[in-house]
1. What are the pairs with Cβ atoms under 7 angstrom where one residue, in region 72-93, is part of a helix (DSSP H, G or I) and the other, located anywhere, is of a type in the set (F, W, Y) and modelled with pLDDT under 95? Sequence gap at least six, or different chains.
2. Is it true that some residue in region 116-134 is modelled with pLDDT under 95 and small (G, A, S)?
3. Under 8 Å between Cβ atoms, which residue pairs at least 6 apart in sequence (or on different chains) link something in region 117-131 that is touching a residue at least 60 places away in the same chain (Cβ under 8 Å) and closer than 17 Å to A48 by Cβ with a partner that is assigned to a loop (DSSP other than H, G, I, E, B) and among the acidic types (D, E)?
4. Restricting the search to region 102-136, which residues are assigned to a loop (DSSP other than H, G, I, E, B) and crowded, with 24+ Cβ neighbours inside 10 Å?
5. Determine the pairs where a residue that is in contact (Cβ under 8 Å) with a residue 12 or more places away in the chain and buried (at least 17 other Cβ atoms within 10 Å of the Cβ), located within region 163-175, has a partner that is in a strand (DSSP E or B) and of a type in the set (D, E) with Cβ atoms under 6 Å apart, the partner being 6 or more residues away or on another chain.
6. Only residues in region 209-235 that are more than 17 Å from W163 (Cα to Cα) count as the first member; pair them with residues that are modelled with pLDDT of 70 or more, Cβ under 6 angstrom, at least 6 apart or cross-chain, and list the lot.
Amino acid sequence: MTSRLLMPVRPFRTTGPGRARTAPTVGTAPTAGTAPTAEAAGATRATAILDLAHPRVVAFVGRVRRAADERGATTDLDRLRTAHGIIAATVRPVYSVEDLRRVSRTLRLGRGSCSQRMAVLEAVARSIGVPTRVRGLLVDGAFWYPRFPKLRPFVPEEVLLAWPEFLLDGTWVPIAELFADAQPAAPVSRAGAFTNSGAETLFEAVARTGVDWDAPAACAGAAPCDLSAHLRTDLGRFTSRDELFARHGQTLCLPARTLAEPLLGRWNAGAGADPDAHPGADPETAPDPGATASSAA
């Protein structure tokens, strides 16, 4: 059982899990609740969420550049991999429900949801001249049951996920494929599958194992990288996550976010970790001493 009571009203009904469809388009001008009628071009410009000019974001990008140079990175792909590793080590995974949070705020708090941490990676990409866009995915809420076994009635029926893509050498590369040639050539065993439970979150998983929402031939059936059974609706591509959330809203309605954020914004998504620890934090990413999750940006 999942809940629709805490969700915003969307102008179309989604399908059940495993029967994903594409959201309808209307005419030539996309309106709220519809997917774009043309392929999103992507961009490198700043947005409200991707506040690239903020000093904290600029400093973080500088840190990524220095670390990438020290490791001998020569391509944008290498720099994005370096950025992913730094984000994973310094921005603590939590269950924050504020998808519109600015990247600078996430860095200040030193913690963020998978969506917020992906936004940080997008900000780095745009700052180094790599265009980004997002694919809007409505994922079945049951995918998050392993993380909330005693709170299933309160898990939203569907979760809106902004899945980033990066334009590298003329090709759009989804976040999970940034590490494609760094993963084992042999099939990953079921023991190594991403289960959305325990210390590993979806953000970390993309660097370890294949994560795909489309069930490609190489991952058909019960392969670890196939998450297509959890996909309800493909909303299409958007030039920015700001555009996606402006058209389709966030996963939870405003009253639910207001009540949930003070708790979920601090609830550790990594099993066994200290909820007050900020691994690897430094002045560029560490939270201000008086900052709280309830003061959402």
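1. Listed by first residue and then by second, the contacts come to R81/F179; A88/F203.
2. So far as region 116-134 goes, no, none of its residues is modelled with pLDDT under 95 and small (G, A, S).
3. Every condition considered, the pairs that remain are A123/D51.
4. First pass over region 102-136, keeping only residues assigned to a loop (DSSP other than H, G, I, E, B): 102, 110, 113, 128-131.
Selection gives S113 alone.
5. Every condition considered, the pairs that remain are W172/E165; P174/E165.
6. Listed by first residue and then by second, the contacts come to C219/D212; P224/T209.
The values are calculated or read from the model by the stated rules, or taken from the named source; none is laboratory data. As the structure is a prediction and not an experimental result, all values here were calculated from the model. Don't worry about glycine lacking a Cβ; one is built from the backbone with ideal geometry, like all the others, and counts go over all protein chains shown.
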